[in-house]
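Before any comments, here is the structure.
The values are calculated or read from the model by the stated rules, or taken from the named source; none is laboratory data. Since this is a predicted model, take the numbers as computed values, not measurements. Cβ placement follows ideal geometry from the backbone for every residue including glycine, while neighbour counts extend to all protein chains displayed. What goes into the accessible areas is simple: the full protein's heavy atoms, side chains included, and nothing from ligands, DNA or RNA. Shrake-Rupley method; radii C 1.70, N 1.55, O 1.52, S 1.80 Å.
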Amino acid sequence: MRCSKCGRPYAFDPKDNTLRLSDVRIRRLVKKISDEGRLSVSVSQLWFAVTRSTRARGESLAGALGCSALAAMAGGGLIALGLSIGEQAAAATVIGGIILAGVFIALVAAPAGRRNRRKALAFGYFTSVLMSRWKTVYGALPAGVVDDSALRGLHRPERPAAVLLCPDRSIAAFLAANGVPQRHTLALVPDVRDVQAIPGTPPVIVLHHADPIGCRLPGLVRAVLPGRRVVDAGLPPRAVMNAPGALPLLGDKPEPEVLAALHEVRAAGGLTDAEVVWLAKGRSGSLAGVPPVKLLAVVTKVVERVTAAADPARHQAEAVGFLTWPGEVR
């Protein structure tokens, strides 16, 4: 793990990992997802960026079967044609046999390929092995990547304009590293119990994954804090279901009691029938999968709307243009 020319150690050898990662590629990815270094990103966001192209190239078994069926029909047709004509069409028989052999190899290799991809894409392996190796070589994570464990305590101003509830520590670290709670005087907390400990009744913004736990969280907050304004900031399943290239995760199907709770959320207007069906298949979407620039913009937009509505003086100032940029079209 040392350069043969300069003798310096390096973290990743493309020959030793299935994703063919190198130190140069990691730095380029960080630069890309951090908007050319303007943002800090979390380890989980880097993991999604690293694995996105690999998952995008991965072929599902259904796709493999569909293509293989067409190829098998063509191969079988050529063999039948060759046998019916005889030696004059021997080439057709040979070609048909080659196609069928290729179909067999493809069907055998597809499941093995999926297993290898799952191993290579494991988040735990990426953080505990690959990123640990990087920190050993360079003394810290790549420049621009914030360590999830570096989120010391919680941001709790004395009089918060709103509470941002974000159970995902990596996303909370991402938001804190980019100054969201500081700019908007937010209390950034990971648990409903932390919301209860904040004095006053500021509105609560709930930021969650597109999974069964996340989709139930806004309703839980409303039940625990009756009368408090609670804003569901997503990620909603439909944003992942309908987004090209979103690449949702696939895990275990939810237990019957969890599925029943999702139907209750649907009955209350929090989910659509299609979203419940999608979640029932074990699919989910992670906030870390949203491009960091887009995620920061969406969260900022929601926070600005909520805090403006909660502050009559600010709302009045906005109405007369005090808080707009020169030349801005309203």
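Take each of the peptides 240-247, 292-299, 252-259, average the number of other beta-carbon atoms within 10 Å over its residues, and list them starting from the highest.
Descending mean neighbour count gives 292-299, 240-247, 252-259.
Measuring from a point 7 Å past the Cα of GLU264 along Cα-to-C-beta, which residues in the range 218-232 have an amide N at less than 20 Å?
Only 218-228, 230-232 fall inside the zone, counting backbone N under 20 Å.
Which of the residue pairs LYS32/LYS294; LYS31/LYS135; LYS15/LYS135 have a Cα-Cα distance greater than 22 Å in the structure shown?
none
Arrange the residues VAL302, VAL129 by how much accessible surface each exposes, largest first, with a 1.4 angstrom probe.
Heavy-atom accessible area, descending, gives VAL129, VAL302.
Would you mind getting me the FRET efficiency between GLU304 and LYS32? Use the beta-carbon distance for r and R0 = 25 Å, nearest 0.05.
0.40
Got a number for the accessible area of CYS6? Probe 1.4 Å, square angstrom, nearest 10.
80
Got a number for the accessible area of MET1? Probe 1.4 Å, square angstrom, nearest 10.
90
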